[in-house]
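The structure appears below as structure tokens.
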Amino acid sequence: MYSIEELIPQRKPIVQIDRLVALEEGVSTTTLMVRDENLFVEEGRLSECGLIEHVAQSAAARIGFLYCERGELPPIGYIGSVNRFELVRHPRVGEELVTTIRIVQEVFQVSLIEAECRVAEELVASCRMKIFLEEK
């Protein structure tokens, strides 16, 4: 398995995923333990910006893994849009966030994904995101 730093372009303190734990056709899962020192933690809770960045990095980890498996460097990606963002509650320090990314559509260098973020099976946030990959 690859390290997170091999899969995504972000570096500490911006890294918002700990592990890529599953990858199947069109679906991947990542985790993040919410820690007090996290750049996006405010008053003991992960902010909306932190959740959105976590989703984007979760999608990037999937792409990064696929590129690494082909012996290529992972591409840089950019958030094109975030739609249908729903925050049920903020994950708290000490909770592990488990996020599932489902590919809705991929066309050339553009991916449309759906994300569900959970803490112990409880849905805490969800959204759709459009991601553009930088052409090499």
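Placing dummy labels 7 Å off each Cα toward the beta-carbon, the span from GLU135 to ASN83 is 2.4 nm. Each residue of the stretch 65-72 was assigned a 3J(HN,Hα) from its phi angle through the Karplus expression (A = 6.51, B = -1.76, C = 1.60, θ = phi - 60°), giving 4, 4, 5, 4, 4, 8, x, 10 Hz with x at Gly and Pro. Residues whose amide H lies under 5 Å from that of ILE76, counting only those 5 or more places away or on a different chain, are GLU134; hydrogens are built 1.01 Å from N in the peptide plane. For the pair GLU5 and GLU72, the difference between a 0.36 nm per residue extended length and the Cα-Cα distance amounts to 22.7 nm.
Could you please put TYR2, TYR78 in sequence from largest to smallest accessible area, using a 1.4 Å probe?
Ranked list, largest accessible area first: TYR78, TYR2.
Per-residue 3J(HN,Hα) values for the stretch 10-15, derived from phi via the Karplus relation 6.51 cos²θ - 1.76 cosθ + 1.60 with θ = phi - 60°, read 5, 10, 4, x, 7, 4 Hz in sequence order (x marks Gly and Pro).
With every protein chain kept in place and ligands, DNA and RNA left out, what is the accessible area per residue of the chain? Probe 1.4 Å, answer in Å².
Working: 7550 Å² over 136 residues.
Using a 1.4 Å probe on heavy atoms only, each residue of the chain averages 56 Å².
Each residue of the stretch 42-50 was assigned a 3J(HN,Hα) from its phi angle through the Karplus curve 6.51 cos²θ - 1.76 cosθ + 1.60 (θ = phi - 60°); the sequence is 10, 6, x, 9, 6, 6, 4, 4, x Hz, with glycine and proline shown as x.
Fully extended, how many nm does the chain gain between GLU25 and GLN105 (0.36 nm per residue separation, minus their Cα-Cα distance)?
Details: separation 80, 0.36 × 80 = 28.80 nm, distance 1.24 nm.
Gain on stretching GLU25 to GLN105: 27.6 nm.
The gain in end-to-end length when the LEU39 to ARG128 segment is fully stretched comes to 29.7 nm, 0.36 nm per residue minus the alpha carbon separation. Over the chain, the fraction of Cα-Cα pairs per 10 Å bin, rounded to whole percents and listed from the shortest bin up, is 13, 47, 33, 7, 0. Using a probe radius of 1.4 angstrom, the carbon and sulfur fraction of the accessible surface of the chain is 50%. The packing ranking of peptides 110-117, 86-93, 4-11, highest mean first, is 110-117, 4-11, 86-93, where packing means the average number of other beta carbon atoms within 10 angstrom of each residue.
The values are calculated or read from the model by the stated rules, or taken from the named source; none is laboratory data. Just so it is clear, the structure is predicted and the values come from calculations on it, not from any experiment. Heads up, the Cβs are rebuilt from the backbone with ideal geometry, glycines too, and the neighbour counts pull from every protein chain shown. All accessible areas refer to the heavy atoms of the entire protein, side chains included, with ligands and DNA or RNA removed. Shrake-Rupley method; radii C 1.70, N 1.55, O 1.52, S 1.80 Å.
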